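Input: a single structure, listed below in structure tokens.
The values are calculated or read from the model by the stated rules, or taken from the named source; none is laboratory data. Since the model is a prediction, treat every value here as computed from it, not as a measurement. Backbone-built Cβ (ideal geometry, glycine too); neighbour counts: all protein chains shown. Surface accessibility is based on the protein's heavy atoms, side chains included, excluding ligands, DNA and RNA. Shrake-Rupley method; radii C 1.70, N 1.55, O 1.52, S 1.80 Å.
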Amino acid sequence: MKTPDLCEVDLRRHMVREKTDSRGRPALNGIDYLEVSEDQRSLRVFFLGKAPRQISKKNFVITGGTRVTDIRVIDIDVCRVGGKDLDDCLTVDVDKPGDFSDYTLRIVELDKRGYPTNRPMRGFDRRFAQIVFSFKVGCPSDLDCLPQSACLPSPFPQVDLNYLAKDYASFRQMILDRLSLTMPDWKERHVPDIGIMLVEVLAYAADHLSYYQDAVATEAYLDTARQRISVRRHARLVDYKMHEGCNARTWVFVETSGGSIKLRRSEVAFIAGLKKATGDAAGVMTKETLRRLNPDPRKYQIFEPMGPAEFTLTEAHNRILFYTWGDFECCLAKGTTSATLIDDYLPEPPPPQPPKQGYGYKQAPPPKPKTEPKRKLNLRPGNVLVFEEVISPKTGEAADADLTRRHAVLLTRVTPDKDELTGQPLVQIEWAAADALPFTMCISSTGSAPDCEQLDNVTVARGNIVLCDHGRTIGGRVVDDVPEEDLGCVPQDESLAECGYVSCAPEVTIVAGRYRPVLKEVPITYSEWLPRVEESFPEEADEDPCPKEEISAKRIIQQDPRKAMPQVALMSRVPGDVTDVWWQPRYDLLASLPDDLHYVVEIDNRGRAHLRFSGGDMGRPPIAAEHFRARYRIGNGIAGNVGAEAISHIITKNRLTGIELHPRNPIAASGGIDPEDTDRVRLF
């Protein structure tokens, strides 16, 4: 027997034979093949060359076996063959024959005490230091022979049927032909006849069953499956995850005037695609305003904020200038990861009036030590800034600015500073290497001739940046008054169980029926989970023993569609309970425990989302009469890849007073991918 190998061409065996040392002698050895004697008490081993000089029976170890184990080597006999090109062999005598299972013969190295080890013998190649064999390889076998029975059973009478019948007409004709043989006196063929009616009912049922069998057989194989859900399950069997696409993301700059404002993420949404003239002058709309305009929902896209539950918009962050330290014609070079921003102090409040002196008045408190006034910029690690070229470095006109000179960075370090020469308050900022500038950005320059005017603040930094992604929440009540979708209750099936005693009445067991709800709106939003930015910037970053993954603006925008999960929040309430339980979506239930509240979202050919629950082993199954509700988002694919400046309106749940908001996206939305095609899944 030879060593089993997965390769069609065995080149290593030839290399072991040809391997020589510096003196031209063979450097490696190995087992070529093995033969078992007829009495199964000796093994004849053939080498890839000459047998080693120093070899004993202790170097041989036989392992394996199911019924017969612990086979020991009694003696060995080396058969040395004369001739330089001939291989040696060796006979190994064992104490007993083995069973029908596989065994392994190994040639191992001995330790200092003369006991065998797990290492191959010195001079043997590790691939050919062992061989798998069977003691029963030469035994005759009758497993392929079918014994002939002396008493053959009498054949059943064959019914003459047309097994090619597959549709209604052929089934109807087959039934009528059969009835003509079994009931020759019945010759009625009128449609109102009760017999013809029963024949047609049976033909209809057979036609329906035949179609079902064809559909099941078609969906049973990846090459012929036509349903998207079937292709998804077939691909998962070979560890291939078919994706359903993902939505687009973008950075939205909200220009604020009238002070600072704190907004809740769940009460704000942005609209892309509406003309500015259709909304309020300030760009702020409510759902009532949108309802009065009654635009076509297919002509605009909804973007909703991501990240923290609340975010603050500050007027001082609308336009932040870069500091050039008194120099001119400066720029941020390609690959830059730090910059200096101009800060300012907030106006100090008026000093308190000194208390009156004299009898009956309190004594004036001692004056407080003077501290540095508060600053206007309130930047923190984790904030995002967008660098934007606002005027042309040649003409100085805003209309000539390069719209491609815009870049988003996520701050990793913010250090307050001050220019000791001029007393100007500053802020030193740094961002991750992944967000390094992909191009050079001009800060100050000299205009074109003949004016040659000095152009400052060519590029500015925009704060008040909100991360948004494409999709509208059903049940969020920000854009419209659509409530959470009611998925109904789990159906109930009654199962009667007989009691062990005759006098007892049967017990009724309520079990849950088949429950596969389908969401009404399409398409379901798929999005990758957002990394937790706050965990990447601890307060004591230098003392953190476990560095976190580097988070950047580029990493947040980019998504892997195979890691995207459906944005569906499913809640249920068991009968008799007043609290809701929340379910978590998963790609599959293979790793779910019996008590896990997990479910799977499967998209069919028409884009509808089917919710599938566990049958009891992988995840908790739904309980009879359990009531389900769903809050989910719609909007997916390349429809969300809107261009720059497409977002022009913001919708708030409540009307704002005394403040104006002007949203826009300086950078085009990206990352929206359509669902993977089934033909592409078959190809891969």
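Angle check, please: helix 194-219 long axis (alpha carbons) against the longest principal axis of the chain (alpha carbons), in degrees 0 to 90, nearest 10. With rounding to tens, the tilt is 80 degrees. Which FRET efficiency value, to the nearest 0.05, do you get for LYS287 and THR657 by plugging their Cβ-Cβ distance into 1/(1 + (r/R0)^6) with R0 = 30 Å? With a Förster radius of 30 Å, E is 0.95.
Taking 7 Å steps out from each Cα toward its Cβ at LEU176 and MET306 produces label points 6.5 nm apart. Of the residues PHE124, PHE135, PRO155, the one whose Cα sits farthest towards the positive end of the charge dipole of the chain is PHE124 (charges of +1 on Lys and Arg Cβ, -1 on Asp and Glu Cβ, taken about the Cα centre). In plain terms, the chain from LYS19 to LEU202 could stretch by 58.1 nm, reckoned as 0.36 nm per residue minus the Cα-Cα distance. Amide hydrogen proximity for ARG375: with H placed 1.01 Å from N in the peptide plane, the residues at 5 or more positions away or on another chain lying under 5 Å are LEU346. Here LYS376 sits with roughly 80 square angstrom of accessible surface, probe radius 1.4 Å. Scalar couplings 3J(HN,Hα) for the range 609-614, obtained by applying the Karplus form with A = 6.51, B = -1.76, C = 1.60 to θ = phi - 60°, are 9, 9, 9, 10, 10, 6 Hz; x denotes Gly and Pro. The H on the amide N of GLY65, modeled in the peptide plane, is under 5 Å from the matching H of ASP102, each at least 5 residues off or on a different chain.
Among THR404, GLN559, GLY326, flag the residue with its Cα farthest along the positive direction of the charge dipole of the chain, charges on Cβ as +1 for Lys/Arg and -1 for Asp/Glu. Comparing the listed Cα positions along the dipole, GLY326 ranks first.
Around ASP435, what is the net charge, scoring Lys/Arg as +1 and Asp/Glu as -1 over all other residues with Cβ under 14 Å from its Cβ? Neighbour charge sum, excluding ASP435 itself: +3. Simple point charges give the picture: +1 on the Cβ of Lys and Arg, -1 on the Cβ of Asp and Glu, and for the range 640-684 a dipole about the Cα centre of about 260 debye. Rolled with a 1.4 Å probe across the full set of protein chains, the surface gives TYR587 an accessible area near 40 Å². Extending 7 Å from the Cα toward the beta-carbon at both THR91 and THR415 defines two label points whose distance is 8.5 nm.
Lys and Arg at +1, Asp and Glu at -1: add these up for the other residues within a Cβ distance under 12 Å of ALA169 and post the number. Local net charge: -1.
Within the range 208-226, whose backbone N sits under 18 Å from a point 7 Å along Cα→Cβ of VAL522? Within reach of a label on VAL522, which here means backbone N under 18 Å from a point 7 Å along Cα→Cβ, the range 208-226 contributes 226. Charged neighbours of PHE684, selected by a Cβ distance under 15 Å, balance to +1 (K, R count +1; D, E count -1).
Amide H to amide H, with H built 1.01 Å from N, LEU437 comes under 5 Å of GLY335, THR336, counting only residues 5 or more places away or on other chains.
Could you tell me whether the chain comes out rounded, prolate or oblate from its Cα gyration tensor? Rule is a ≥ b ≥ c as square roots of the eigenvalues, rounded for a/c under 1.5, then prolate if a/b exceeds b/c, otherwise oblate.
In terms of gyration-tensor shape, oblate.
Counting pairs of alpha carbon atoms under 8 Å apart in space and at least six apart in sequence, what relative contact order in percent does the range 50-111 give? Once normalised by length, the contact order is 42 percent.
If you line up the long axis of helix 228-237 against the longest principal axis of the chain, both from Cα atoms, how many degrees apart are they, to the nearest 10? The angle comes out near 60 degrees. For the chain, averaging the sequence separation of C-alpha pairs within contact (under 8 Å, six or more residues apart) and dividing by the residue count gives a relative contact order of 15 percent. Dipole orientation for the range 1-133: of the candidates TYR115, GLY82, LEU43, TYR115 has the Cα lying most toward the positive pole (charges on Cβ; Lys, Arg +1; Asp, Glu -1). Annotation for the range 575-684: GluC sites (Glu not before Pro) lying in DSSP loop with at most 15 further Cβ atoms inside 10 Å of their Cβ are GLU645. Atom-type composition of the exposed protein surface of the chain places 53 percent of the accessible area on carbon and sulfur (1.4 angstrom probe).
Grab the beta carbon distance between GLU109 and THR69, set R0 = 25 Å, and tell me the FRET efficiency rounded to 0.05.
The computed FRET efficiency comes out at 0.60.
About its Cα centre, the chain has a charge dipole of approximately 1040 debye under the convention of +1 per Lys or Arg Cβ and -1 per Asp or Glu Cβ, with nothing else charged. Restriction of the GluC sites (Glu not before Pro) in the range 11-68 to DSSP coil positions whose beta-carbon has at most 14 other beta-carbons within 10 angstrom yields GLU38. Using the Cβ-Cβ distance between ASP185 and LEU161 with R0 set to 25 Å, the FRET efficiency works out to roughly 0.70.
Using a probe of 1.4 Å on the protein chains alone, the accessible area found for TYR204 is around 150 Å². Between the range 48-123 and the range 601-652, the C-alpha centres lie 64 angstrom from each other.
Please check which bits of the range 427-468 a label hung off GLU397 would reach, taking the label as a point 7 Å along Cα-to-C-beta and the cut-off as backbone N under 13 Å. Only 448 fall inside the zone, counting backbone N under 13 Å. Between the range 376-412 and the range 150-208, the C-alpha centres lie 81 angstrom from each other. Partners of LYS187 within straight-line reach, counting aspartates and glutamates whose Cα lies under 20 Å from its Cα and excluding those fewer than 8 residues away in the same chain: ASP160, ASP177, GLU200.
Going through the cross-link list LYS376/LYS653; LYS376/LYS418; LYS262/LYS376; LYS50/LYS84; LYS262/LYS287, which pairs have a Cα-Cα distance over 18 Å in this structure? Where the Cα-Cα span goes over 18 Å, the pairs concerned are LYS376/LYS653; LYS262/LYS287.
In the full protein context, the range 604-684 carries 46 Å² of accessible surface per residue, based on a 1.4 Å probe and ignoring ligands, DNA and RNA.
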